[in-house]
């Protein structure tokens, strides 16, 4: 069973491990996650399976929402973790939701399309190590 909950300080070592395994070239620092947990404008959630952190998401939710960071540990991929994190983070939000994804990350792009996101633009050479374009994706949510 996947449990979605607020990110806690005790999660940081596992979150950092997942971050490093998924984003070796442009990984967030531990201080970035601490800032996200303490910020009133950011929502930081973790997905837990059998007592272990399986993934996390950080979302900015103001007038529009931006999925700032999401990752799932390799051993928990293709089990619905990312989808549950996204829907939990956006629950009750109405408005435009944006995200950026590496052009080569076809699995993530397909997941986002499945969830209703459309590719709307490209940021040339946005990512480093290796240099790669970012695909900007958008969806619009309306919860009553």
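Restricting attention to segment 117-135, the residues being at pLDDT 95 or above and within 20 Å of residue 72 (Cα to Cα) number 3.
Among the residues making up segment 95-126, those that are within 19 Å of residue 45 (Cβ to Cβ) and out of contact with any strand residue (DSSP E or B) (no Cβ under 6 Å at 6 or more places or on another chain) are 95, 111, 115. Taking strands (runs of 3 or more DSSP E) as the structural unit, those lying wholly within segment 1-118 and holding at least 3 residues that are in contact (Cβ under 8 Å) with a residue 12 or more places away in the chain and crowded, with 16+ Cβ neighbours inside 10 Å correspond to 42-49, 52-61, 65-72, 95-102. Here residue 33 passes the criteria (1) closer than 21 Å to residue 2 by Cβ; (2) in contact with a helix residue (DSSP H, G or I) (Cβ under 7 Å, 6 or more places away or on another chain); (3) modelled with pLDDT of 95 or more except the one numbered (3).
The values are calculated or read from the model by the stated rules, or taken from the named source; none is laboratory data. Predicted, not measured: the structure shown is a model, and the values here were computed from it. Virtual Cβ from ideal backbone geometry, glycine too; neighbours counted across all protein chains shown.
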